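Contents: one structure, followed by commentary.
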Amino acid sequence: MNNKNIEFNINILLSKESNPSQLRQAAIDLKNLLTEMSEMDENKPGVMLTLDTPSGRATGTYGAAMCTIDYMRTRRFMQGVVSAVTELLKTHSSVKLLYAGCGPFALLVLPLTLLFTPAQVQIQCIELNTTSIGCFQKLISKLNVKAFFKEVICDDAAEIKLQQADAYDMMITETMMHALKNEAQVAIIINLMNQCRKDIVLIPHEVQVQFACIAHDSSLLNKVFRSQLPLLHLNKQTAQEFSNWLQHRNDVLLQKTIDLSNDVYHEGDKLSYLTTIHVYGRYSLFINESGLTVPVAIQPLQKINPGQSIQFQYRMGSKPGFVYEFI
Ligand SMILES: C[S@@+](CC[C@H](N)C(=O)[O-])C[C@H]1O[C@@H](n2cnc3c(N)ncnc32)[C@H](O)[C@@H]1O
């Protein structure tokens, strides 16, 4: 890579020694440098536009660039990707990586171009936003890192039938919001994991969404959780199971019912979805560390009647996410 400022900020984001204010500043500086280098013009039509797909909304070029400054997200994903490639290179002479939703900067794999050679790492990007692809192509050319990248595939990663799916050793996608709502992460992982080899390394390794009930009288600092129950685990194994399931159920990925009429729950309790992301190895994102793991509030509990339950469904389609109903 031939830009010392970009290199400097990536190294801060990767370093164990960096403190939160250094990380924050590095992420902002990196976003500004990459925006300039990729010639992203915020005034051009198309740069702000999100794209609606049959599997969810795709963040626009500007929005994808802004994800850079969610600094803990950027840091942990970059660290996880570097760690996974380092691990794979112990047993493989080269690593073939599939990156679904690379955005304008292919941000999460940029550190690889500092640490490895093109003979060690080959990256296939898939991106459906042509404005982002234009920025990405200018960026990798100016950074002189084109040798790491195959020709980008302009397609929907939730629908694409891969050629040579067996070739990939690792797959990365960060096409999600908290509680896996609105965007296509689930559909992309189901589609791609059902084509690739079973031993592929998936990043993030697992996304978990839980239902949480926070006591109505607990303080902001000292929240009392009455219960935390798993709703959805998204990983390689469940991607396989979900795919089989969806052949029969179409758009309902899962359904869970929780009995509210026991002594655990009380009127006024705050209900929410909690998201945690295990990126890879020792790198995770816990509650409130990133925009992706901010709790999503559900309406507070009303008076609970005998036998009352709450039923959750995770629905696929153009607006994926959880829905719930008191029954
Ligand atoms: C949240 S941005 C992340 C960009 C970059 N990977 C990063 O982490 O900074 C998600 C990117 O995925 C792309 N994307 C979303 N859904 C997609 C789909 N179904 N197929 C291909 N790309 C998709 C969006 O266009 C956007 O560029």
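Readers should treat all values here as calculations from the given coordinates under stated rules, not as data from a laboratory. Everything numeric here is computed off the predicted structure, so don't read it as measured data. Neighbour counts are summed over all protein chains in view; Cβ atoms, including those assigned to glycine, are modelled from backbone coordinates with ideal geometry.
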*T53: net charge of surrounding residues, Cβ under 13 Å, Lys/Arg +1, Asp/Glu -1, itself excluded?*
-4
*Give or take rounding to whole Å, what are the principal axis extents of the alpha carbon atoms in the stretch 4-326, in descending order?*
66, 46, 45
*Determine the dipole magnitude for the chain: charges of +1 sit on the beta-carbon of Lys and Arg, -1 on that of Asp and Glu, nothing else is charged, the reference point is the Cα centre, and the result goes in debye to the nearest 20.*
400
*Enumerate cysteines in the chain without a disulfide-compatible partner, where compatibility requires another Cys Cβ under 4.7 angstrom.*
C67, C135, C154, C196, C213
*Which links in K96/K150; K44/K181; K96/K198 stretch past 18 Å when you go from one Cα to the other?*
K44/K181
_the stretch 10-90: trypsin sites (Lys or Arg not before Pro) in DSSP loop, at most 15 other beta carbons within 10 Å_ = K16, K90
*Specify which residue in the list I258, N244, N222 is farthest towards the positive end of the charge dipole of the stretch 192-295, using unit charges on the beta carbon of Lys, Arg (+1) and Asp, Glu (-1), about the Cα centre.*
N244
*Largest first and in whole Å, give the semi-axes of the stretch 1-87's equivalent ellipsoid, each being the square root of 5 times a Cα gyration tensor eigenvalue.*
25, 17, 12
*About its Cα centre, what dipole magnitude does the stretch 47-130 give when the only charges are +1 on Lys and Arg Cβ and -1 on Asp and Glu Cβ, stated in debye to the nearest 20?*
200
*In the stretch 24-114, which GluC sites (Glu not before Pro) fall in coil by DSSP and have 11 or fewer other Cβ atoms within 10 Å?*
E42
_What does the net charge come to around S18 if you take all other residues with beta carbon closer than 14 Å to its beta carbon, with K and R at +1 and D and E at -1?_
+2
